[in-house]
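The values are calculated or read from the model by the stated rules, or taken from the named source; none is laboratory data. Note that the structure is a prediction, hence the values are computed from the model and not measured. Cβ placement follows ideal geometry from the backbone for every residue including glycine, while neighbour counts extend to all protein chains displayed.
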Amino acid sequence: MLVLTRKKMETIRIGDDITIQVIQTGRGRVKLGIQAPADLRVLRGELELLEGALAGLADSSFRRNAGRPWELVHEFGNN
């Protein structure tokens, strides 16, 4: 892992297509701006974990309720 120190408005370049800029810092938080090609998916780490968990839940629910889509709607509507 590469660890860098950056100040407000300083940037980090990844390859030729990705720029990360420090927009704001303070109170234990950092606001970043990410400029990347439109076809490149940029996702927060905690959302990636949640997305994986939901995909697993959907897959198992679909197998249990195959042929009964209204039960899938009910199950996910209450989560």
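Could you check how many residues of region 4-37 are acidic (D, E) and touching a residue at least 12 places away in the same chain (Cβ under 8 Å)? If you could, list the steps in order and put the result at the bottom.
Step one: of region 4-37, the residues acidic (D, E) are 10, 16-17.
Now drop any that are not touching a residue at least 12 places away in the same chain (Cβ under 8 Å), which leaves 10, 17.
Total satisfying the criteria: 2.
Filter region 17-31 for residues that are surrounded by 10 or more Cβ atoms within 10 Å (Cβ to Cβ) and either at pLDDT below 95 or not hydrophobic (A, V, I, L, M, F, W, C) (or both) and give the result.
If the condition is that a residue be surrounded by 10 or more Cβ atoms within 10 Å (Cβ to Cβ) and either at pLDDT below 95 or not hydrophobic (A, V, I, L, M, F, W, C) (or both), then D17, T19, Q21, Q24, T25, V30, K31 are the ones that fit.
Does at least one position in region 52-63 carry a residue that is among the charged types (D, E, K, R) and modelled with pLDDT under 85?
yes
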